[in-house]
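What follows is a single structure, written as structure tokens, with notes after it.
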Amino acid sequence: MSRILTLSSGGRLKITDTAWVKMVSLRQDTLRKKEAGGLLLGRQILESDDLVIDDVSTPVRGDTRARMRFVRSKRHQRFVDEAWAKSNGTRVYLGEWHTHPEGVPSPSSEDLRSWRKHLSDKQIHGEALFFVIVGVDAVRVWEGFRFQRSVNLIGEVCLHGQESD
Ligand SMILES: [Zn+2]
């Protein structure tokens, strides 16, 4: 089991326990659970191509949540703004995550459209954003490139046998 993924730059992307547990605890492992999601927050490791996702926002009032739909409200932005201010600008928005009620998740056409929209946002930091989908059996991570507006799957982590982590 590894939460360290290799980026197209050759650098590494690490997802910390804090961020991981928040996302995975919201997975849709029963029929009644609705989609959840939020923003990815993290930092670049100085003088390297390595990145760490060290926290995520989780659903708030105002989000649209259904069994197969999640649209986050603008309130999540406050989480990024506060982290940025408290860290003197070192912790930044790194992307988006949400859950899917399927074993090994794949992005819907709506997800791809929304990811491309985020990639075209001129306010983002850096050249890439990350998109995480938490399925029932696995978490998959995509790296999206701002200039090409393309996304590549960079990793898949199986969720079985991790309960004691
Ligand atoms: Zn989706």
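The values are calculated or read from the model by the stated rules, or taken from the named source; none is laboratory data. Every value quoted in this text rests on a predicted model; they were computed, and no experiment measured them. Here the Cβ is made from the backbone with ideal geometry for all residues, glycine too, and neighbour counts use every protein chain on show.
Overview of results
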read-out	value
Arg3 of a type in the set (D, E, K, R), at pLDDT below 95 and touching a Phe, Trp or Tyr at 6+ places or on another chain (Cβ under 8 Å)	yes
Residue among Trp84, Trp20, Trp97 that alone is of a type in the set (Phe, Trp, Tyr) and over 14 Å from the mean Cα position of the chain (by Cα)	Trp84
Residues that are hydroxyl-bearing (Ser, Thr, Tyr) and more than 9 Å from the ligand (Cβ to nearest atom), drawn from the range 89-122	Thr90, Tyr93, Ser109, Ser120
Any hit, the range 32-48, residues being part of a loop (DSSP other than H, G, I, E, B), touching a residue at least 12 places away in the same chain (Cβ under 8 Å), surrounded by 21 or more Cβ atoms within 10 Å (Cβ to Cβ) and polar (S, T, N, Q)	no
The range 83-106 residues that are within 17 Å of Val56 (Cβ to Cβ), paired with ones that are within 14 Å of the ligand (Cβ to nearest atom) and part of a loop (DSSP other than H, G, I, E, B) (beta carbon under 6 Å, 6 or more apart)	His98/Glu35; Thr99/Leu26; Thr99/Arg27; Thr99/Gln28; Thr99/Glu35; Thr99/Ala36; His100/Gly135; Pro105/Gly135
